[in-house]
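See below for the structure under consideration.
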Amino acid sequence: MSIVTPPGRLPLRERKKLRTRQALIDTALEHFTDCGFDGTTLDDLCAAVEVSKRTFFRYFDSKEDVAMAPTQDLWAAFLDDLQTRRPTGGPLLMLLQDTLFAALDRMPAEGWAERVLLTRRLAARTPSMNAHGLQFCDRTTRSAITILRERFGLADPHDLRPRLALDMMVAAFHCALEEWAFQPGPVSRDDLTARLRDAFAAIPGSVTMTVA
């Protein structure tokens, strides 16, 4: 379960599940920040939220999974939007950019940015989170390629352009995220969106950039 579907549109039982999931995320990020990722056990998290390990594993596969849930929710929304997005006849990279912006707009305006910030700072000093993030990124890219091939007729497995377009989009996101996460002062979803627009705008110039 993720936050792709707005909570207000969910039945009561699903809203309760979403609250439990969010409590696990918030508690995990707080404990990992205060006590360290390795210094916090799964038992510690479950005890703090008053749930069993069995309940925890209904929502997450690992400590890394719960710690990286805020950014994983963004990419789940990206894939969800890509499934239904209509092509405009423009460049594929532009379609991917618009899809990512739409996914960002679906993230909660309050709280989400702060959770992403904690996640990113934790990942910067936790090797297992970085490894988990790389695996997640690879799975997401492969899922996006499958969607592109099925929905937009990009059936040639030897055509490198869809993968390169996706990789450029992801690279721009990571550049924007790094600039955003380590800036001084408060953070917001809108500020991340603005930095992402700047990163996307720099892509054409980076491709044609020359050096003496």
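Does segment 42-62 hold any residues that are of a type in the set (D, E, K, R) and under 17 Å from Gln72 (Cβ atoms), and which are they? Arg58, Asp61 - these are the residues of segment 42-62 that are of a type in the set (D, E, K, R) and under 17 Å from Gln72 (Cβ atoms). A count restricted to segment 26-79 and to residues that are open to solvent by 40 Å² or more (accessible area, probe 1.4 Å), small (Gly, Ala, Ser) and not in a helix (DSSP H, G or I) stands at 2. Look at segment 194-212: where a residue is touching a residue at least 24 places away in the same chain (Cβ under 8 Å) and a partner is open to solvent by less than 60 Å² (accessible area, probe 1.4 Å) and aliphatic (A, V, I, L, M), sitting 6+ places away or on another chain with Cβ atoms under 7 Å, you get Leu196/Ala172; Leu196/Ala176; Ala199/Ala172; Ala199/Ala176; Phe200/Ala172; Ile203/Ala172. When the residues of segment 151-193 are filtered to those that are touching a helix residue (DSSP H, G or I) at 6+ places or on another chain (Cβ under 9 Å), among the acidic types (Asp, Glu) and within 20 Å of Leu95 (Cβ to Cβ), the one that is surrounded by the most Cβ atoms within 10 Å (Cβ to Cβ) is Asp167. Within segment 84-112, residues that are under 18 Å from Met169 (Cα atoms) sit with their Cβ atoms under 7 Å from residues that are surrounded by 15 or more Cβ atoms within 10 Å (Cβ to Cβ) and acidic (Asp, Glu), at 6+ positions apart or across chains, in these pairs: Thr99/Asp81; Ala102/Asp81; Ala103/Asp81.
Test Leu12 against the stated conditions and say whether it is among the aliphatic types (A, V, I, L, M) and open to solvent by 70 Å² or more (accessible area, probe 1.4 Å). When the stated conditions are applied, Leu12 passes them.
The values are calculated or read from the model by the stated rules, or taken from the named source; none is laboratory data. Not measured: the values here are computed from a predicted model. Glycine gets a Cβ as well: all are built from the backbone with ideal geometry, and neighbour counts include every protein chain shown. Accessible surface areas use protein heavy atoms only, side chains included; no ligands, DNA or RNA. Shrake-Rupley method; radii C 1.70, N 1.55, O 1.52, S 1.80 Å.
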